[in-house]
Amino acid sequence: MTAELPLFSRARGQGDAVAFRTLDGTRSYRELLDASARLATVLLAGTADLGEARVALLAPAGFDYVAAQWATWRAGGVTVPLCLSATETEWEYTLTDSQATVVVADSESASKLAPLCARLGVRLLDLGRIDLRAAPTALPAVTSERAGMILYTSGTTSKPKGVVTTHANIQAQIESLVQAWEWSASDRIPLFLPLHHIHGIINVTSCALWSGALVEPFARFDAAAILARIQADAYTVFMAVPTIYVKLIQTIEAAAPAERAEIVTAFGRLRLMVSGSAALPASVHEKWTALTSQKLLERYGMTEIGMGLSNPYHGERRPGAVGVPLPGVELRLKAESGAIVAGEDEPGEIQVRGPAVFRAYWNRPEATAESFDGGWFRTGDMAVRERGYYRIMGRLSVDIIKSGGYKLSALEIEAVLLEHPDIQECAVLGLPDDVWGEAVTAVVVPKGRSALALSTLREWCKARLAPYKIPQRLKVVEQLPRNAMGKVTKPAVRALFT
């Protein structure tokens, strides 16, 4: 047998254990390996090795998606996950920038992509039409140093950049979380996060399958369906973004007393609940604990590094903090002066190095070089260490406000505003001001028909924020602009004022 990557040899040891469970039934690890080997043969089309050719994937979360992902890797290709909700223009950008030669998609997505693929000359494989009855051929030996995935991520540039990770990077990201969060084959987890994002790909799916655990996929987040499965004790681990926890809190609070009691008791039986991909307001953290007795584990990561920091599995999970470096992660804070922050309570940019850090931005050597500082990846996020734990202050580009000589954290101000009884959601940013340099500006979504005025908001803030942190401007909106992960996009918020 050809030597294979550890992810596949570990799966081989799981045999007929269930990898995926849906309303239609279960699929085993053995079936996943067989399907991926047969699909890899189709992808190879008579060649010996894809040689890191890019293969774009567009399909809902589940068995077929992972079979296509694994098939690409086993054939020697590089996966390029696409966003299901993207526009044709966005798909075209990713396909052309990555120079993808093949797209693998479910039937619904394939019909949408067919004209684009024909125009670009890209081979399109419809998962609903591929004949997998033929026996798989010999597959190439793929070493861990080879590229395995390109994820597109937005940054300070106008167009997303492709983050290239090797199989060794991917394995290091998985092993760090499996160790820190004590994954095991007995775990069961729902998957409703998109699979064009590291949260769904690595933290949920890959960690589970590396561990021999069970994944229960959903096409999208469905509160009623998820809560029904929670009450049925279907899961041991739960991972979501803050907006989902907010929606769950609203649903639980609106439920009849008997149902509410059953739901919160069921949540209390899970062994681990994680929040990530956006800052978790301390008020939401505390509300969730009060409701369910579960202390959410907040962590910090990004596409380029995987996960870098985490509150501990055993020990204090501190609201508003993202914990300490994960296994295998080296982290330092670098002040604006260029000095390395040695003590506590002094802010600095988070810089990371270690085996999980990505290889390069695809075809962007200058951007790659600019993102590293002597071997340390510059995350662009500011943080401060307080009593041993790190707290994120915000992005250098959008969440740090310089007003009146002070450097303010937009996230800190947002967390306070979310405690206001009439504010449902908010985003804080700095807008140019002749006097202050930048004026602290709050964009808020009110609860119900609540009326909000700047004067009353400022009065309310006086007991909660230093004077220089209190918003000087206020804009009330019906909803905040968000991306596919439910994360507020600050550039789009800023655009509301242009």
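The values are calculated or read from the model by the stated rules, or taken from the named source; none is laboratory data. Nothing here was measured: the structure is a model prediction, and the numbers come from that model. Note: ideal-geometry Cβ built from the backbone for every residue, glycine included; neighbour counts use all protein chains shown. With ligands, DNA and RNA removed, areas are computed over all heavy atoms of the protein, side chains included. Shrake-Rupley method; radii C 1.70, N 1.55, O 1.52, S 1.80 Å.
Computed values, structure above
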{"read-out": "q = 0.10, 0.18, 0.22 Å⁻¹: log10 I(q)/I(0) that the Debye formula gives for segment 43-189, counting C-alpha atoms only", "value": "-0.38, -1.16, -1.47"}
{"read-out": "Sequence-separation-based contact order of segment 63-212, relative, with Cα cut under 8 Å and 6+ spacing, percent", "value": "21 percent"}
{"read-out": "Surrounding net charge for Thr368, when Lys and Arg each add one and Asp and Glu each subtract one, Cβ distance under 13 Å", "value": "0"}
{"read-out": "Among beta bridges that DSSP assigns inside segment 73-175, antiparallel share in %, nearest 5", "value": "55 percent"}
{"read-out": "Sorted peptide list for 194-202, 68-76, 336-344, criterion being average Cβ within 10 angstrom, highest first", "value": "68-76, 194-202, 336-344"}
{"read-out": "Value of relative contact order over segment 209-349, rounded to a whole percent, pairs C-alpha under 8 Å and six or more apart", "value": "15 percent"}
{"read-out": "Listed candidates [x] 41.1, 152; [y] 21.7, 72; [z] 23.2, 72 - label of the one calculated as Rg and Dmax of the Cα atoms in Å", "value": "[z]"}
{"read-out": "Rounded tilt (10° steps) of 107-120 against the dominant C-alpha axis of the chain", "value": "90 degrees"}
{"read-out": "DSSP beta bridges in segment 239-388 [antiparallel fraction, %, rounded to 5]", "value": "80 percent"}
{"read-out": "Degrees between helix 282-292 axis and first principal axis of the chain (Cα, 0 to 90, nearest 10)", "value": "70 degrees"}
{"read-out": "Charge dipole magnitude, Cβ of K and R +1, D and E -1 - the chain, Cα centre, debye nearest 20", "value": "220 debye"}
{"read-out": "Within segment 202-327, percent of DSSP bridges classed antiparallel, to nearest 5", "value": "50 percent"}
{"read-out": "Cα-based helix-to-principal-axis angle, 257-268 vs the chain, degrees rounded to 10", "value": "70 degrees"}
{"read-out": "Cα centroid of segment 242-256 to Cα centroid of segment 353-409, whole Å", "value": "32 Å"}
{"read-out": "Whole-angstrom gap from segment 103-162 to segment 274-349, using each part's C-alpha centre", "value": "34 Å"}
{"read-out": "Segment 399-479 - percent of accessible surface contributed by carbon and sulfur, probe 1.4 Å", "value": "48 percent"}
{"read-out": "Entries of Lys112/Lys447; Lys334/Lys469; Lys407/Lys475; Lys159/Lys487; Lys247/Lys462; Lys161/Lys287 with Cα pairs more than 27 Å apart", "value": "Lys112/Lys447; Lys247/Lys462; Lys161/Lys287"}
{"read-out": "Spatial separation of Cα centroids for segment 185-208 and segment 423-494, in angstrom", "value": "33 Å"}
{"read-out": "Carbon/sulfur fraction of accessible area - segment 234-285, other protein chains in place, 1.4 Å, %", "value": "60 percent"}
{"read-out": "Average accessible area per residue (Å²) across the chain - probe 1.4 Å, nucleic acids and ligands excluded", "value": "42 Å²"}
{"read-out": "Mean Cα-pair separation over length for the chain, i.e. relative contact order, pairs under 8 Å, 6 or more apart, %", "value": "10 percent"}
{"read-out": "Options Tyr300, Ser283, Leu326, ranked by Cα towards positive dipole end of the chain, top entry (Cβ charges)", "value": "Ser283"}
{"read-out": "Ranked packing of 180-186, 166-172, most packed first, by mean Cβ within 10 Å", "value": "166-172, 180-186"}
{"read-out": "Cut-off under 5 Å, modelled amide H: who pairs with Val341 long-range", "value": "Leu333, Lys334, Ala335"}
{"read-out": "Order by protection proxy (mean Cβ within 10 Å, highest first), peptides 209-218, 108-117", "value": "209-218, 108-117"}
